[in-house]
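The next block holds one structure in the form of structure tokens; read it before the comments.
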Amino acid sequence: MIATTPADILRFALARIEEGVATILVTLTGIEGAAPRAIGAQMAVAADGRYIGSFSGGCIEAAVVAEAIETLAPARARLVRFGAGSPYLDIRLPCGSGIDLLFNPHPDRHAIADTLARLDRREAAGLCLSADGVLSEMPVDTTGWQGGTFDLRYHPTLRIVAMGQGEELIALARLARTFGAEMAILSPDPRVLADLGAEGFETTRLATRTIPPSLTADRWTAILSVFHDRDWEDELLPHALGLDAFYVGAIGSRRTQAMRLEALRSAGVPDRLCQRLRTSVGLIPAARDPATLALSALAQIVQDYAAIVGVLDPAAAETPSGTYQSPGPARRIAASP
């Protein structure tokens, strides 16, 4: 995995709480201008100075850690502006923007554990952040302020079911796992299964062209066929198109795609399902080598995943006036060396 995920941050917080170390959840709740992170981004800070997550490229993290630890004694939520409009004149974001961070000290262990359990079951989850603490909720509609509370929505990890043979499948599996996606591999290729199985991937051998029980999907799953032999798709692709996956794609030239769609329609697949098939796979045109094709396809899948997860309307991030007390007069926060 190449970067920290929201679940990683919650797991860090839960582990520190279970160690008996006081912990603070810090959440980005408002942005004025541009910012490196989106609304809802988080850090978790332990009383001993350990932390995970970030809100910038290192510009303010030390100040955030210091502010977080200061909230432990009063044990009350605190909303603090950093950057433009902040009382901290010596802490500025290079982009000239301002961000609002909500500090919740001593988050409830059960709320965090319940959220993680839901994500492990591949269910959406939510936390309600308020002056009274951190509460677990059923999935909230969106991330943002709702009156005097900040609702935070969590989504299951991107899962990719990759079907096929050869180097393209191996490259896609390795690259996607490095990105942080969950992978399920379906292949009739013994070499592919042996190589990826030895690397710890979930693999299923396609001994026949019938549908294996492992070909399942939820709304956070993408299915991609990298078969060059389209005969293997006769049963697999129609089944995939009927699942709840947000993305179903298959590689191939324009001619191959036209033949594929004609075969689907001839097999009685309804047009509404045929239209779900992504016949233009990838963001890099005419990618031919396995590594570039894998990168191109993964980028498109991640782009679509980000779209279905949703982007917060900036108006929803407006901070309600008077909901939290600011930390008071401007003062210097000493940054760690």
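The values are calculated or read from the model by the stated rules, or taken from the named source; none is laboratory data. Given the structure is predicted, the values throughout are model-derived calculations rather than measurements. Cβ placement follows ideal geometry from the backbone for every residue including glycine, while neighbour counts extend to all protein chains displayed.
Filter the stretch 40-55 for residues that are part of a loop (DSSP other than H, G, I, E, B) and either more than 18 Å from ALA3 (Cβ to Cβ) or charged (D, E, K, R) (or both) and give the result.
ALA47, ASP48, GLY49, ARG50
Every residue in the stretch 10-31 that is assigned to a helix (DSSP H, G or I) and of a type in the set (A, V, I, L, M), please.
Listed by number, the residues that qualify are LEU10, ALA13, LEU14, ALA15, ILE17.
What pairs come out if I take residues in the stretch 264-280 that are under 18 Å from TRP232 (Cα atoms) and pair them with residues that are part of a helix (DSSP H, G or I) and acidic (Asp, Glu) whose C-beta lies under 8 Å away, six or more apart or interchain?
What qualifies is ARG265/ASP271; ALA267/ASP234.
Listed residues THR221, THR143, THR210; which is within 25 Å of CYS274 (Cα to Cα), crowded, with 20+ Cβ neighbours inside 10 Å, in contact (Cβ under 8 Å) with a residue 24 or more places away in the chain and of a type in the set (S, T, N, Q)?
THR221
List the strands (runs of 3 or more DSSP E) inside the stretch 108-162, counting only whole elements, that have at least 2 residues being aromatic (Phe, Trp, Tyr) and out of contact with any Asp or Glu (no Cβ under 9 Å at 6 or more places or on another chain).
149-154
Residues checked against (1) under 25 Å from ALA7 (Cα atoms); (2) modelled with pLDDT of 95 or more:
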site: GLU182; (1), (2): yes, yes
site: VAL192; (1), (2): no, yes
site: ASP195; (1), (2): no, yes
site: PHE201; (1), (2): yes, yes
site: ILE211; (1), (2): no, no
site: HIS239; (1), (2): no, yes
site: GLY249; (1), (2): no, yes
site: THR256; (1), (2): no, no
site: GLN275; (1), (2): no, yes
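Sort out which residues of the stretch 239-289 are out of contact with any strand residue (DSSP E or B) (no Cβ under 8 Å at 6 or more places or on another chain), part of a helix (DSSP H, G or I) and under 30 Å from ARG122 (Cα atoms), and write them in order of number.
The answer is HIS239, ASP271, ARG272, LEU273, CYS274.
Please determine, by comparing only the residues of the stretch 135-155 that are closer than 16 Å to ALA113 by Cβ and of a type outside the set (A, V, I, L, M, F, W, C), which one is modelled with the highest pLDDT. Break it down stepwise before answering.
Start the filter on the stretch 135-155 by keeping residues that are closer than 16 Å to ALA113 by Cβ, which leaves 135-138, 152, 154.
Okay, now just the ones that are also of a type outside the set (A, V, I, L, M, F, W, C), so 136-137, 154.
Working: SER136: 83, GLU137: 80, TYR154: 95.
Restricting to residues being closer than 16 Å to ALA113 by Cβ and of a type outside the set (A, V, I, L, M, F, W, C), the top hit is TYR154.
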